[in-house]
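Just below is one structure, and these are the notes that go with it.
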Amino acid sequence: MLDGQKILITGATGKIAFPIARALAKRNEVWGAARFSKQGDRDKLAAAGVTPLQLDIFNGSLAGVPDDFTHVFHAAVDPGTGDWRRCVETNADRSGKLLYHCRKARGFVYCSTGSIYKYQGQRPLTEADGPGVPQRANYSFSKIAGEALCTWIAEQFRIPLTIIRICSTYGPEGGAPADRLEMMLQGRPIPLHPEKPNNYNPIYEDDYVELGIRAMEVAALPPIVVNWSGSETVSAEDYCAYMGELVGVRPQFEYTTAAHTPLWPDVTYMHEILGRTRVHWRDGLRRMIEARHPELLRSNPKHT
């Protein structure tokens with residue numbers, strides 16, 4: 001655990017960055033950068049001991065951002081649902097400018113995504129696999145550009161960098177399993193890729209906090225590029241069935257090519273660089289439901 005450091009977390013009100021900022025604030029000076037577009041976001045950070053810093057990565061100037069952070073976790077993102085130019089500028093160009101601005105840092109983490117990979121069928125995706133054309137092409141291609149630009153800047157200015165390719169996070173703050181749970185509760189079919197099973201390595205909040213902090217600690221030159229996920233593989237079919245047992249609802253699946261291909265990562269290098277996760281997916285799903293829908297949680301579900 002980092003101790004006594006000055007740390008910048010961008011996208012600090014988001015489901016990944018907020019738990020990391022909250023954990024680090026117990027023993028560090030943590031600044032949380034966000035747009036604060038939702039009422040209560042600023043108070044949420046302040047209550048966790050995080051110094052709020054209003055920053056729109058796309059439109060905002062870095063003039064008011066300190067340049068003496070020891071570590072940075074850059075999770076602010078354009079999701080790619082609007083103009084593709086804005087998406088690329090935010091996730092690549094502006095990320096590069098932030099990296100250069102914080103070039104005194106001993107560790108900078110750039111949050112990329114496992115959705116950059118070309119689908120490889122029924123095998124895990126390794127860090128050496130090439131890019132493809134997923135459903136959210138604007139977002140994925142912007143992250144490929146961001147990886148390339150940040151790598152160049154890090155090497156030119158000797159800034160230790162870790163690029164994490166995020167595959168599937170979940171917990172009390174939400175995530176793909178939480179989204180699928182909501183679909184189940186609403187009686188809606190869950191779209192999945194036709195090639196079964198749809199394998200994932202979901203990572204629970206406790207573990208992604210630990211591995212996120214570790215990613216800042218191990219930042220290096222040349223930059224580290226590593227898959228970021230849980231250590232255990234489970235299919236979406238199986239974990240949705242288990243969630244159904246926990247809440248008393250049977251999931252419905254719709255197999256379609258319109259669904260995103262599974263993000264099934266190879267975690268060999270992750271185990272070497274960042275370590276293993278500790279929360280079993282069944283325990284994590286139960287804890288997620290307990291936090292988000294405690295009134296629905298059954299005490300003794302049948303295990304399959």
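The values are calculated or read from the model by the stated rules, or taken from the named source; none is laboratory data. Only a predicted model underlies this, so the values are computations on that prediction, with no experimental measurement involved. In this analysis, Cβ positions are derived from the backbone assuming ideal geometry, glycine residues included, and neighbour counts consider all displayed protein chains. With ligands, DNA and RNA removed, areas are computed over all heavy atoms of the protein, side chains included. Shrake-Rupley method; radii C 1.70, N 1.55, O 1.52, S 1.80 Å.
Listed values, structure above:
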quantity: Charge dipole (segment 1-125, unit charges on Cβ, about Cα centre) - positive-most of Met1, Gln120, Ala48; calculated: Gln120
quantity: Rg/Rh (Cα only; Kirkwood hydrodynamic radius) as it applies to segment 146-304; calculated: 1.04
quantity: Candidates Gln54, Gln252, Gln156: whichever shows maximal mean-square fluctuation once the chain is modelled as a Gaussian network with Cα springs under 10 Å; calculated: Gln156
quantity: Accessible area (Å², per residue) of segment 99-139, counting only protein heavy atoms and a probe of 1.4 Å; calculated: 45 Å²
quantity: Ranked by how many other beta carbons lie within 10 Å on average, peptides 263-273, 23-33, 283-293, 116-126 from highest; calculated: 23-33, 263-273, 283-293, 116-126
quantity: Peptide ranges 177-188, 89-100 listed from the most packed, as the mean C-beta count within 10 angstrom indicates; calculated: 89-100, 177-188
quantity: Equivalent ellipsoid semi-axes, segment 168-250, via Cα gyration tensor eigenvalues times 5, rooted, Å; calculated: 29, 14, 10
quantity: Rounded, prolate or oblate (a/c below 1.5 giving rounded, otherwise prolate when a/b exceeds b/c) for segment 243-304 by Cα gyration tensor; calculated: oblate
quantity: Shape box of segment 84-127 [Cα atoms, principal axes, largest first, Å]; calculated: 42, 29, 8
quantity: Local electrostatic count, Asp129, Cβ distance below 11 Å [Lys/Arg +1, Asp/Glu -1]; calculated: +1
quantity: Share of carbon and sulfur in the accessible heavy-atom surface of segment 235-304 [1.4 Å probe, %]; calculated: 45 percent
quantity: For segment 107-220, the Rg and Dmax computed from alpha carbons only, in angstrom; calculated: 16.1, 53
quantity: Percent of alpha-carbon pairs separated by more than 25 Å within segment 1-116; calculated: 17 percent
